1. Would you mind putting 146-154, 361-369 in packing order, based on average other-beta-carbon counts within 10 Å, highest first?
2. Tell me the net charge near Leu193. Cut-off is 15 Å between Cβ atoms, Leu193 excluded, with +1 for each Lys or Arg and -1 for each Asp or Glu.
3. Which net charge results when you count Lys and Arg as +1 and Asp and Glu as -1 among the other residues whose beta-carbon is under 15 Å from that of Val428?
4. Amide H to amide H under 5 Å from Val231: which residues, 5+ apart in sequence or cross-chain, H placed 1.01 Å off N in plane?
5. Given H placed on each backbone N at 1.01 Å, which residues far from Arg334 in sequence or on other chains put an amide H within less than 5 Å of it?
6. What is the packing order of peptides 451-464, 204-217, 394-407, 233-246, taking the mean over residues of other C-beta atoms within 10 Å and listing the highest first?
Amino acid sequence: MLSYATTPQEVFPSGPHFSKTGKSRSATVYIGGKPPYRDGPIIFPAGRHRRNIIAIAVLARSLSPCSACLSVIGVIDMRPSSVSYQLAAFLIAAARRNTPLSLPSATIPTATLYFIKTFKSSLAMSHNILITGASGYLGGTLLNRLGEANLPPYGKLFALIRTDDQAEKAKKLYGAEPLRFDAYNEDAVLEALRSHHITVVYHLIDPRTEVSQLAFIKALGEVKKQTGSEVHFLHTTGAKIFSSHADAPTDRPLLDTDPELYHIQKSQKPSNEFFQAAVATNNLVIEQAEVHGVQAYIFAPCIVYGQGEGFGNVISIQTVAVVRAAKGAGRVYRTDQGQPTWPVCHVYDNTTLYISLLRAILNGAKPDHGRNGYYLASSGSVVWDDLYSAIAKSLKQRGVIGDDTVATADKAALEEMGKALGCPASFVPIMVGGKCTFVAERANKKLGWQAKYSPEHVLENADAEVELILKNLK
């Protein structure tokens, strides 16, 4: 049974040090650094032993990266000349330096070797997690939901932030330790991940350019060398990268479980520079992760809707674009011929898939990754015209537009829509239309993920979505 000291103990900052605490025959283990210690001293009683022997433990929260685990090293003879005492000091010192454990096995008793293996295993199995995009729509909702997700034990949760205000909110609202560094600077990323022993990165910023993603992948590779832990990188891309806009096939369902999906992406030749870069980034993430021994996941949100739950942005992108364009042009316009469809997903379901994948990682379940690691977050698809009509009806009821019928955009309408969206007229169809036949299968089959909301819910919820958007438009 653990026993904690009720009186202050002498602190030895240069540690590790061991000291008896009177009649209780306990020992306090101090792990270097300067006081105050995050988790306080670790006290183990040894009342049943009459001699100077104690149990030495290493509490993971005091020793990154082996957080969320309490490893009993063994019953230690307190005499400085004893092998067990020296071994305990060695293990703790190695942990403090965060260096690999290496000691000639021939000099260590079999029982002691078992303790070393257990200790090394606890180092390798514990994960520290970094979420980027903490103030964003998806990232903020994810951080908000992690606290109630009942995940397997892990070490620390970090959030990449940009301001003091964000830092305070990340810590207060989500219990995340805020980190501030340049996500596009390779040296800064490496220093942040190595110093905090971050082994899982959820990348929710800038899906187009590869600079930040490659910096994180290289840094994770170094952390793997340092700790021996498996390392994981989730790249948040978008369904547009698997659509007509990016030259993806749309004449058939494109399954996220298609074993040829990586090669399909490699063969895509978008005419638009934006999509050329975004497709290349998806491919580079997979390829560079293989080079550096990182398990990579390509996570594709689609039309995400519903109120975000973070401290920053609470509205989406695609539905917001339709509303903005309609306000600017005076009515809702379609930009495509025929009845193209697009996958949809409520922000809650998008978040539960993020969490389901993280749960599999923390459980050591080895979820599909790399060239087989594409995950579309979607409950199904809707026809764009149906979504346009639902939004138009709500906008008319609120007096934002005068006509709730959906028209086909001509050149003049595209110009007005472009002004409202802050983009050239030629880019408007990319913002509010297109065809995407991407289908989600992997999450359901491999992770047991189930969407709470049907695809039709986006139509049923259109009025609430419009109200949310109008309230938060800047």
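1. Peptide ranking by packing, descending: 361-369, 146-154.
2. Net charge around Leu193: -1.
3. For residues surrounding Val428, the net value is +3.
4. Here Gln295 satisfy the definition.
5. Amide H neighbours of Arg334, under 5 Å, 5+ apart: Ala407, Thr408, Ala409.
6. 233-246, 204-217, 451-464, 394-407
Taken together, the values in this text are just the output of simple stated rules run on the coordinates, not laboratory data. Small disclaimer: the values here were computed from a predicted structure and weren't measured. Positions of Cβ are backbone-derived with ideal geometry, glycine not excepted, and every protein chain shown enters the neighbour counts.
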